[in-house]
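Take a look at the structure set out below.
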Amino acid sequence: MNGQLVARSSAQVRTACIVRAAMLLGAVVLVCVDLALKALAESLLSNGHVIELGLINLRLLYNPGVAFSFGADLPAWVIVAVTGLIIAGLTWYAVSSAPAMGKMSRAGVTLLLGGAIGNFIDRLDGRGVVDYLHTGWFATFNLADVLVTAGVVLYALGALRAAPSKDGD
């Protein structure tokens with residue numbers, strides 16, 4: 001009996017490690033894609049060039065603040081420090097909670113981490129975050145912003161889906 005418990009515990013630990021590693025690896029891949037697209041946008045659009053695509057245009061802007069340019073008047077180090085602390089806390093929560101999360105919530109956290117870390121790294125040069133997706137009726141944004149938004153939605157849907165009913169089921 002004791003051997004079975006050790007084997008089950010060992011298998012659970014291995015599974016938890018795999019889940020955590022897959023989530024972090026997925027986030028790293030998303031960070032790389034986001035940063036590559038930002039570099040491409042800078043190289044194609046840095047001379048003020050706009051690429052008209054219909055509903056969305058490609059136009060280069062730098063956002064020194066956070067979402068919707070909130071905090072744009074703050075020193076860059078404040079934005080970096082605060083977002084860094086938030087990302088550290090989010091990463092700790094995600095890594096420690098990932099094995100207990102459903103697949104949808106884990107996918108959401110992976111997207112959220114990828115987008116948040118992508119924007120954080122982009123912010124470190126002091127110019128602000130590279131934004132390049134422009135609609136004309138909404139704030140200019142980037143892939144990382146899409147990842148963060150989709151990640152929050154998926155995480156919330158996954159958490160609601162996994163929440164026990166009022167009957168305790």
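Worth a mention:
- The number of residues in segment 129-146 that are within 13 Å of Gly65 (Cα to Cα) and modelled with pLDDT under 90 comes to 1.
One line per residue, one yes/no per condition, for (1) farther than 26 Å from Leu24 by Cα; (2) of a type in the set (A, V, I, L, M, F, W, C):
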site	(1), (2)
Gly54	yes, no
Gly89	no, no
Val95	no, yes
Met101	no, yes
Gly128	no, no
Ala139	yes, yes
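- Selected residue (criterion: most open to solvent (accessible area, probe 1.4 Å)) from residues of segment 43-60 that are under 27 Å from Val152 (Cα atoms) and out of contact with any helix residue (DSSP H, G or I) (no Cβ under 7 Å at 6 or more places or on another chain): Leu55
- Scanning segment 80-89 for residues that are modelled with pLDDT of 95 or more and over 15 Å from Ile121 (Cβ atoms) yields a count of 2.
- Qualifying residue in segment 121-143 (condition: closer than 24 Å to Ala16 by Cα and hydrophobic (A, V, I, L, M, F, W, C)): no
- Residue in segment 15-23 that is basic (Lys, Arg), buried (at least 18 other Cβ atoms within 10 Å of the Cβ), under 19 Å from the mean Cα position of the chain (by Cα) and assigned to a helix (DSSP H, G or I) present: no
The values are calculated or read from the model by the stated rules, or taken from the named source; none is laboratory data. These numbers come from a predicted model, not from an experiment. In this analysis, Cβ positions are derived from the backbone assuming ideal geometry, glycine residues included, and neighbour counts consider all displayed protein chains. The accessibility values were calculated without ligands, DNA or RNA, using every heavy atom of the protein model including side chains. Shrake-Rupley method; radii C 1.70, N 1.55, O 1.52, S 1.80 Å.
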